[in-house]
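The values are calculated or read from the model by the stated rules, or taken from the named source; none is laboratory data. Small disclaimer: the values here were computed from a predicted structure and weren't measured. We place every Cβ from the backbone using ideal geometry, glycine too, and count neighbours over all the protein chains shown. Quick note on the areas: whole protein, heavy atoms, side chains included, nothing else; ligands and nucleic acids left out. Shrake-Rupley method; radii C 1.70, N 1.55, O 1.52, S 1.80 Å.
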Amino acid sequence: MSAFNTCRDWLQQAIYKVINPCVHGMIKIGITPNVVTTIGLILNIAAAFVFLYGGMRGTRNDLYYIGWAGGIILFAGLFDMLDGQVARIGKMSSTFGALYDSVLDRYSELIVFFGITFYLIMQGYVISSIIAFVALIGSLMVSYVRARAEGLGIECKMGFMQRPERVVLTGAGALFCGIFGPLLTYNEVFEPIMIFVIPLFIVALFSNITAFARLNHCRKALLNKEQE
């Protein structure tokens, strides 16, 4: 896990170097972190709308709806990084800003997974829709356990499937499904939608594992406190 965290931190710093010029530009024209966070939410709403429209108007072979939604999710994910950098570099960090960011992140996940689940149900992928719903449960519980732990004075940032990983897996899975899925439309061996569902399954599995791992970490920390 330490090797993963090292790789994750290195990648995060590399992305920061790329987006920092944009961050400085935003600060210069007066864009606040809360505005950036709000734009991220709006983009996630747009992604969910694409899923909804594709579910109502598309067919099982119209995988480009999934692809477009995935691209929007990944683009919205950049704003998750931009708002934090704008706050840090622009020295605009605030307690309310951190709360606002967390709340809108949860709204974003709920809205996007609602769109995904709706699309899968409307297109007849019932089992896949259940996987998406379990992924939503895990995603929310990862954040909830951390919030409750920090409310009890316990630092709880451990685990593999945090929000950046969830966004990348969901967005990239959808994007690749939209790009490569049509090439496999008439393939009788591999269902094209699985390009999207497999990453959702990974999110569903490891987000819930992360939530329970954090819960166990808190249990141990509280026991240690009681014994002191």
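Count neighbours as other Cβ atoms within 10 Å of each site's Cβ, and list the GluC sites (Glu not before Pro) in region 134-170 that are DSSP loop with at most 14 such neighbours.
Values: sites: 150, 155, 165; in loops: 155.
Passing both the DSSP loop test and the Cβ count: 155.
Percent of accessible area on region 20-94 owned by carbon and sulfur, 1.4 Å probe? Can you show the working numbers first?
Details: 2580 of 3760 Å².
In region 20-94, the share of accessible area belonging to carbon and sulfur is 69 percent.
Before rounding to the nearest 500, sum -39500 (n - 2.57) across all DSSP H runs of length at least 4 in the chain and divide by the residue total; then give [θ] at 222 nm in deg cm²/dmol.
Values: 7 runs with 184 residues, N = 228.
Calculated mean residue ellipticity at 222 nm is -29000 deg cm²/dmol.
Amide H to amide H under 5 Å from residue 31: which residues, 5+ apart in sequence or cross-chain, H placed 1.01 Å off N in plane?
Under 5 Å from the amide H of residue 31: no residue qualifies.
Can you run phi through the Karplus equation (6.51, -1.76, 1.60; θ = phi - 60°) for region 206-222 and list ³J(HN,Hα) in whole Hz, with x for Gly and Pro?
For region 206-222, the Karplus curve yields 7, 5, 6, 4, 4, 4, 6, 5, 5, 4, 5, 4, 5, 4, 5, 5, 5 Hz.
Just how many pairs of Lys in the chain have C-alpha atoms closer than 23 Å, counting pairs that are eight or more places apart or on different chains? Let's see the in-between values first.
On the way: 17/28; 17/91; 28/91; 157/220; 157/225.
Qualifying lysine pairs in the chain: 5.
What are the ³J(HN,Hα) values, in whole Hz, obtained from phi via the Karplus relation 6.51 cos²θ - 1.76 cosθ + 1.60 with θ = phi - 60°, for each residue of region 67-78 in sequence order, with x given for Gly and Pro?
x, 5, 4, x, x, 5, 4, 5, 5, 5, x, 4
Can you pull out the chymotrypsin sites (Phe, Trp or Tyr not before Pro) in region 122-175 that DSSP calls coil and that have at most 16 other Cβ atoms within 10 Å?
Values: sites: 125, 133, 144, 160; in loops: 125, 160.
The qualifying sites are 160.
Report the trypsin sites (Lys or Arg not before Pro) located in region 30-102 that are in a DSSP loop and have at most 16 other Cβ atoms inside 10 Å of their Cβ, or state none.
Working: sites: 57, 60, 88, 91; in loops: 60, 91.
Listed in order of number, the matching sites are 60, 91.
Kindly write out, for region 7-17 in residue order, the coupling ³J(HN,Hα) from the Karplus curve 6.51 cos²θ - 1.76 cosθ + 1.60 (θ = phi - 60°), rounded to whole Hz, with x marking Gly and Pro.
Calculated HN-Hα couplings, in order: 5, 4, 5, 4, 5, 4, 5, 5, 5, 4, 4 Hz.
Per residue, how large is the accessible surface of region 87-180? Use a 1.4 angstrom probe and give square angstrom.
That works out to 50 Å² per residue.
In the chain, with Lys and Arg counted as +1 and Asp and Glu as -1 at Cβ, which of these residues, 156, 76, 215, has the Cα nearest the positive end of the dipole, that is, farthest along it?
It is 156.
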